[in-house]
Amino acid sequence: MKRLLLFISIVLLFVSCGDTDDHIYTDSSENMIEAVSSKRTMSAGNLMQESNAEQKIIRTANLRYEVNEMDSSLKAIKKLLIEFKGDVQSERQYGQNDRLYTYLTVRVPAEKFEAFITALLAGDEIRRLEEKNISARDVTEQFIDIETRLITKKEALKRYRELLQKAETVTDMITVEDKIRRLQEEIESQEARLKYLAGQVEMSEVRINIYEVTKTTYIPNKSDAFFPTLLRALHSGLRGIIIVFFWFIRLWPIWLSIIIIRLITKKRNKE
């Protein structure tokens with residue numbers, strides 16, 4: 001009897017093992033893969049924090065000043081950009097009252113940020129400095145967080161691809177492929193974010209608002225001269241006469257009725 005029970009237990013054990021092999025991907029598989037990936041990337045994350053001891057700083061500046069002459073000031077700014085290997089992101093110019101405004105957004109390498117501003121404000125074209133505002137934002141923690149997450153997700157992606165090769169049912173294949181697709185989208189999004197932050201750190205942004213006070217010169221209106229005014233008056237009078245004439249023409253039924261009534265009245269008076 002004991003031998004029979006032992007034999008049945010062995011058979012049941014083999015059957016249960018066969019059932020679990022048919023379904024490689026289960027709900028616990030996802031948790032296990034991500035847990036393993038996280039553990040493997042913990043040491044990598046610690047090493048990354050040590051290697052990224054250099055701070056990642058995004059620097060921006062806002063400058064506003066009056067210039068003696070707009071064109072020469074713009075030429076001086078663009079000459080400095082060539083010297084400091086910067087570029088113009090946007091430029092807008094407009095006039096208002098007695099002032100000509102120009103808004104520039106430029107980017108320069110972060111290591112030349114302070115030197116560029118010093119050289120810019122030392123220019124002879126500046127008449128009066130009104131605003132200088134420099135700010136810095138530390139994004140080192142964001143860098144480390146994104147890079148660590150990327151390592152974890154790439155490790156998990158590798159495990160899911162290995163799991164896909166072992167999938168035996170269509171359901172498991174679809175489930176794993178969907179997880180792979182979502183992981184790839186998350187990785188691409190994180191990489192794009194990291195690239196954007198790196199660009200902001202490498203190239204600092206400087207917003208320049210300059211204006212020139214222009215001289216107001218009175219220009220007489222030629223339309224106020226005597227002869228042009230006289231010609232316009234004659235033209236307006238002639239046009240009024242033509243309008244009245246055609247207005248009378250449009251009333252021809254009334255004039256015709258009046259003429260007929262007068263003729264009938266005269267004829268009756270003669271009788």
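Observations
- Heavy-atom SASA rank of I254, I126, I187 (probe 1.4 Å, accessible area, largest first): I254, I126, I187
- One way to sum up the overall shape of the range 150-211 is the equivalent ellipsoid from its Cα gyration tensor, whose semi-axes run 42, 11, 5 Å, largest first.
- Gain in span if fully extended, T140 to I82, counting 0.36 nm per residue against the direct Cα distance: 17.9 nm
- Straightening the chain between R232 and E130 buys 31.7 nm, computed as 0.36 nm per residue apart minus the Cα-Cα spacing.
- Charge context of S204, other residues only, Cβ under 13 angstrom, K/R +1, D/E -1: +2
- Electrostatic dipole magnitude of the range 144-217 [Cβ: Lys, Arg +1; Asp, Glu -1; Cα centre; debye, to 20]: 60 debye
- Here the range 75-176 is treated with +1 on each Lys and Arg Cβ and -1 on each Asp and Glu Cβ, and its dipole about the Cα centre works out to around 240 debye.
- Applying 1/(1 + (r/R0)^6) with r as the Cβ-Cβ distance of E162 and A198 and R0 = 25 angstrom yields a FRET efficiency of 0.20.
- Residues whose amide H lies under 5 Å from that of S204, counting only those 5 or more places away or on a different chain, are V108, A110; hydrogens are built 1.01 Å from N in the peptide plane.
- Among V106, T118, Y160 - extreme Cα towards positive end, dipole of the range 57-200, charges at beta-carbon: Y160
- Above-threshold pairs, the threshold being 25 Å between Cα atoms, out of K79/K215; K153/K195; K112/K153; K112/K195: K79/K215; K112/K153
- List V244, V108, ordered by accessible area with a 1.4 Å probe, largest first: V244, V108
- Once the chain from I261 to A115 is taken as fully extended at 0.36 nm per residue, the excess over their C-alpha distance is 42.5 nm.
- Overall form of the range 53-178 per C-alpha gyration tensor (a/c, 1.5; a/b vs b/c): prolate
The values are calculated or read from the model by the stated rules, or taken from the named source; none is laboratory data. Bear in mind that the values here come from a model prediction, so they are computed numbers and not experimental data. Cβ sites come from the backbone with ideal geometry, for glycine too, and all protein chains shown count toward neighbours. All accessible areas refer to the heavy atoms of the entire protein, side chains included, with ligands and DNA or RNA removed. Shrake-Rupley method; radii C 1.70, N 1.55, O 1.52, S 1.80 Å.
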